[in-house]
Amino acid sequence: MSVESWIPPPPGWIKINFVATFHSYRQQGAIAVVASRDHEGRILGAEGLKIRDQDAFEAKFRGAEQALQFALKSSFIDAVIEGDNSTVIKTVKGASEPTMMTRGVSESCRLLMIQFISVICRATKREDNYVAHRLAAEIWDRGSFNVNVLSKDY
């Protein structure tokens, strides 16, 4: 992710980028929820984990769900959530119908979204989600991780 392409969230908000990768032969995915940043670009936390899903598309929805959960458990109530799959973003926002396989996780995302005061979900270019992709690749070698979120009094 280059400095020129990163768009900060509004002051008082955080921005979370997410990505999910999938190995079909293992039916296993890796989710990276990373670069939780404030409006000044300070990194506030990150996490990654391995998941079991049926396919890559379902794993990408799980990434959105994990990003929303990460923001809520970190007590952030104004958030911009970005991922690089526009179909996932449109479905989570209710602009597209979920498939039969993704209906449950899509509904979970919508239920999580109503817990925020303000939440914006939007698609970003894959190249602008580089940090998330690098961390997802590391999960395959190193396993799950969590970086503690700094105090909201930053």
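The values are calculated or read from the model by the stated rules, or taken from the named source; none is laboratory data. This one's a predicted model, so the numbers in the text were calculated from it and none came from an experiment. A quick note on method: Cβ atoms are made from the backbone with ideal geometry, for glycine too, and the neighbour counts reach across all protein chains shown. All accessible areas refer to the heavy atoms of the entire protein, side chains included, with ligands and DNA or RNA removed. Shrake-Rupley method; radii C 1.70, N 1.55, O 1.52, S 1.80 Å.
Some observations on this one:
- Residue pairs whose Cβ atoms lie under 6 Å apart, separated by 6 or more positions or on different chains, with the first residue in the range 121-145 and farther than 17 Å from S36 by Cβ and the second part of a helix (DSSP H, G or I) and of a type in the set (A, V, I, L, M, F, W, C), are A123/I89.
- The residues listed here are T99, T91, T87; of these, the one that is part of a helix (DSSP H, G or I) and open to solvent by 20 Å² or more (accessible area, probe 1.4 Å) is T87.
- Filtered residues of the range 102-129 (kept if in a loop (DSSP other than H, G, I, E, B) and surrounded by 16 or more Cβ atoms within 10 Å (Cβ to Cβ)): T102, F116, T124
- Selection count where residues are in contact (Cβ under 8 Å) with a residue 40 or more places away in the chain and either open to solvent by less than 40 Å² (accessible area, probe 1.4 Å) or touching a Cys at 6+ places or on another chain (Cβ under 8 Å) (or both), scope the range 34-45: 6
- Among the residues making up the range 46-84, those that are open to solvent by 10 Å² or more (accessible area, probe 1.4 Å) and either among the hydroxyl-bearing types (S, T, Y) or assigned to a helix (DSSP H, G or I) (or both) are A56, F57, E58, K60, R62, E65, Q66, Q69, L72, K73, S74, S75.
- Residue within the range 133-152 that is more than 16 Å from T21 (Cβ to Cβ), part of a helix (DSSP H, G or I) and either open to solvent by 20 Å² or more (accessible area, probe 1.4 Å) or modelled with pLDDT of 75 or more (or both) present: no
- Subset of the range 48-68 (residues that are of a type in the set (S, T, N, Q) and under 9 Å from the mean Cα position of the chain (by Cα)): Q66
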